[in-house]
Amino acid sequence: MKRFSKLSIVLLVMIFTLSSLVGCTSKTPEPTQANPSEEADQGGIIWPEKTIQVTVPYNAGGDTDLYARTAAKYLEKELGETIVVVNTAGASGMNAAHQVMDSKADGYNLLFRHTAQLITQATGLADLSYTDDMDIAGTAIEDNTYTLVVRKDSGFKNLKDLVEYAKANPNKLTYSNVHGSVTHYASIQMKEEMGIEFKDLDVGSSSADRTAAFMGGQVDMLIANYITLKDYIESGEFIVMGILAEERVPALPEVPTLKEQGYHVVTEKVYTFAFPKGTDKAIVEKFNTALKKVSENPEFKKEVESFYGAVKFRSIEETYDFETKLVEKMRNAMKDTL
């Protein structure tokens, strides 16, 4: 057996030790795993971390409440937190608006509103600006199914019958009108386009209240979203005069518009989310991104269309531009009626 000197053994130990050290230092370090919440949040914020509240300016059961809850269901999946919808009716939507405006601007309170609130702004009835006193977060839904109906006992079979009667009997017919709302805007257009006069009566602000008053004979004409009137129309209790849209609604191809019958009476309802003024811009943008993803979801589209609405996504900037122009348009149309 070959023998090693003490010096050789020492040298071998030193070589082995140096090789081990070199191997350790040259080893590729393990990649550091990013925090999942930070990795998911490209805006540099960690939001949301708790329940988000969405306030609707009407009672439960109407179209606004329906669309708010539908959108909330899909937004929960995108944002990973519970979204609670609360109803705060009154003062043409201003009670709900002030409740949200007065809440902490931390990203956990939103208002879900529609075109009616913009009309109160346009007419000066609102004590706030929905376009400038809140941080707009985008839109994803619009409903072009505002439908003019009469009761079966009216004797009118179509719009021609109604217009002829109204012209022969000025101010004989009555109409459910919420002053400074979409119904008010529609009333102005009908009178101008059809050349008729009728009495505007305020019989309630919610669709449910107005429909009940209409059924009870308090008013002769009613305008509301088709989904609200659907059962009565299908049963034959309500007779459709037409839809207030630029063109027929794809989901309701058999229902004519007022426009195609010769009267350019058009009004859509666009549904918008907004945060209190001063909410972190990154939060607002993250919400809008989630809203865009929801609008691209086929299941969301299918559900909205089952209510005869339509998915219509607009970014923060697009929503602001659209709404400010709409406010100006309505202000000009209604300035002589207030």
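The values are calculated or read from the model by the stated rules, or taken from the named source; none is laboratory data. Quantities reported herein were computed from a predicted structural model and do not represent experimental measurements. Glycine also receives a Cβ, built like all others from the backbone with ideal geometry; neighbour counts cover every protein chain displayed. Ligands, DNA and RNA are stripped out before the accessible areas are found, and what is left, the full protein with its side chains, is counted by its heavy atoms. Shrake-Rupley method; radii C 1.70, N 1.55, O 1.52, S 1.80 Å.
Determine whether residue 154 is over 30 Å from residue 56 (Cα atoms), in contact (Cβ under 8 Å) with a residue 12 or more places away in the chain and of a type in the set (S, T, N, Q). When the stated conditions are applied, residue 154 passes them. Name the residues in segment 210-219 that are surrounded by fewer than 19 Cβ atoms within 10 Å (Cβ to Cβ) and either within 27 Å of residue 170 (Cβ to Cβ) or among the basic types (Lys, Arg) (or both), would you? 213, 215, 216, 217, 218, listed by residue number.
Among the residues that make up segment 21-41, is at least one of them at pLDDT 50 or above and not in a helix (DSSP H, G or I)? Scanning segment 21-41, I find at least one residue that is at pLDDT 50 or above and not in a helix (DSSP H, G or I), so the answer is yes. Of the residues making up segment 248-255, at least one is farther than 27 Å from residue 94 by Cβ, touching a Ser or Thr at 6+ places or on another chain (Cβ under 6 Å) and open to solvent by less than 40 Å² (accessible area, probe 1.4 Å).
On inspection, residue 105 passes the criterion of being open to solvent by 10 Å² or more (accessible area, probe 1.4 Å) and out of contact with any Leu (no Cβ under 9 Å at 6 or more places or on another chain).
Starting from segment 186-198, take each residue that is more than 11 Å from residue 221 (Cβ to Cβ) and of a type in the set (A, V, I, L, M) and list its partners that are in a helix (DSSP H, G or I) and open to solvent by less than 30 Å² (accessible area, probe 1.4 Å), counting only C-beta distances under 9 angstrom and pairs at least six apart or across chains. Filtered contacts from segment 186-198: 188/334; 194/159; 194/162; 194/163; 194/166. Once segment 77-93 is narrowed to residues that are without any contact (Cβ under 8 Å) to a residue 60 or more places away in the chain, polar (S, T, N, Q) and open to solvent by 40 Å² or more (accessible area, probe 1.4 Å), the residue that is farthest from residue 67 (Cα to Cα) is 82.
A residue that is modelled with pLDDT under 95, under 20 Å from the mean Cα position of the chain (by Cα) and either over 27 Å from residue 192 (Cβ atoms) or surrounded by fewer than 21 Cβ atoms within 10 Å (Cβ to Cβ) (or both) occurs nowhere in segment 280-295.
Which of the strands (runs of 3 or more DSSP E) found entirely inside segment 131-183 contain at least 1 residues meeting this: open to solvent by less than 10 Å² (accessible area, probe 1.4 Å) and small (Gly, Ala, Ser)? Even if it seems obvious, please write down each step before you answer.
Working: elements: 134-143, 146-151, 174-176.
So the answer is 134-143, 174-176.
Taken together, the residues in segment 220-237 that are open to solvent by 10 Å² or more (accessible area, probe 1.4 Å) and assigned to a strand (DSSP E or B) amount to 0.
When 219, 240 are checked against the criterion of being among the aliphatic types (A, V, I, L, M), touching a residue at least 60 places away in the same chain (Cβ under 8 Å) and in contact with a Ser or Thr (Cβ under 9 Å, 6 or more places away or on another chain), a single residue qualifies: 240.
Here residue 270 does not qualify as on the phi < 0 side of the Ramachandran plot, assigned to a loop (DSSP other than H, G, I, E, B) and in contact with a strand residue (DSSP E or B) (Cβ under 9 Å, 6 or more places away or on another chain).
In the set (1) over 20 Å from the mean Cα position of the chain (by Cα); (2) polar (S, T, N, Q); (3) in a loop (DSSP other than H, G, I, E, B), the condition left unmet by residue 205 is number (1). The conditions of being open to solvent by less than 60 Å² (accessible area, probe 1.4 Å), at pLDDT 95 or above and aromatic (Phe, Trp, Tyr) are not met by residue 58.
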